[in-house]
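Here's the structure, in structure tokens; my notes come after.
The values are calculated or read from the model by the stated rules, or taken from the named source; none is laboratory data. Just so we're clear, the structure is a prediction, and the values are computed from it rather than from any experiment. Here Cβ is always computed from backbone atoms with ideal geometry, including for glycine, and neighbour counts include all displayed protein chains.
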Ligand code: CP
């Protein structure tokens, strides 16, 4: 059986714990009993990405798996009118060990996962979710604060358009951390099922990890004053005085510096933004390792 990872609802807690323990072994430079040589992984990025794409590619390289990349439309037969779905089916017919897909809402990964033979790892799917990002965030929290259970994670900003926030709502249920939101009314979901802080100060005082999201400028052009946003909801040196010295400052990237997070904050000792990126490789390596191992076990 193949195990696609499209969301985090379907990933059992014991599997997440095991994934984190494999990531710990990778981070500690322990060698894994794994032979990637001769295997391929197809990385299909139909939408822009820096971190996720390079992170999956690094993970493949460290496991000895050859990664095959398709970046955007240019130079592919999508330019000749081939559909996204047909593109994925054709790459799948080359028998990669797994498919990593980043795409918009115009591709139905759920439906596609039933048609392909290789497992699909969701690398950011429209507004639906970005499971490996939430996993690497939670893993970063666990590494710095010892456990995810009982932590208070404040997500600030453009939650309505955020696939990262969607995945955290799912993962929080599994790992027992609490998520609360803060941001301008028009950035938040119409009916939030979690605590909402209208004041950033109160939210920061409550939280053990505060995560700023990218203001999706392309969706708010002209409709919002970025200067007001920064003053009210920005992670500025001034605003972050209300966050405990032991709490974490996070951001999934890419950052609009000077809007949702100030440049000086990147050198705050509480800021784990680049650590999230480093941990992202361990998490994706662990996920690929477990995906390929379970395929091999199923075949033997
Ligand atoms: N965090 C994240 O998904 O970044 P990229 O869009 O650069 O991959």
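Odds and ends about this structure:
- Contacts under 6 angstrom Cβ, first residue in the stretch 234-263 being farther than 19 Å from residue 276 by Cα, partner in a loop (DSSP other than H, G, I, E, B), 6 or more apart: 234/260; 236/262; 259/215
- Among the candidates 178, 170, 190, 202, residue that is at pLDDT below 95 and surrounded by fewer than 24 Cβ atoms within 10 Å (Cβ to Cβ): 190
- Screening residue 173 with (1) under 20 Å from the mean Cα position of the chain (by Cα); (2) in a loop (DSSP other than H, G, I, E, B) gives one miss only, at (2).
- Residue 121 in contact (Cβ under 8 Å) with a residue 40 or more places away in the chain, part of a strand (DSSP E or B) and away from the ligand (no atom under 16 Å from the Cβ): no
- Residues in the stretch 170-182 that are more than 16 Å from the ligand (Cβ to nearest atom) and out of contact with any strand residue (DSSP E or B) (no Cβ under 6 Å at 6 or more places or on another chain): 170, 173, 174, 175, 176.
- Neighbours by Cβ (under 9 Å, 6+ apart or cross-chain): first from the stretch 69-86, touching a residue at least 60 places away in the same chain (Cβ under 8 Å); second loosely packed, with under 12 Cβ neighbours inside 10 Å: none
- Taken over the stretch 16-50, residues that are touching a helix residue (DSSP H, G or I) at 6+ places or on another chain (Cβ under 8 Å) and closer than 28 Å to residue 107 by Cα amount to 9.
- Check on residue 147, out of contact with any strand residue (DSSP E or B) (no Cβ under 8 Å at 6 or more places or on another chain), over 25 Å from residue 33 (Cβ atoms), exposed (fewer than 14 other Cβ atoms within 10 Å of the Cβ) and not assigned by TED's automatic domain parsing to the domain that holds residue 24: yes
- In the condition set (1) more than 16 Å from the ligand (Cβ to nearest atom); (2) surrounded by 15 or more Cβ atoms within 10 Å (Cβ to Cβ), residue 275 is compliant with all but (1).
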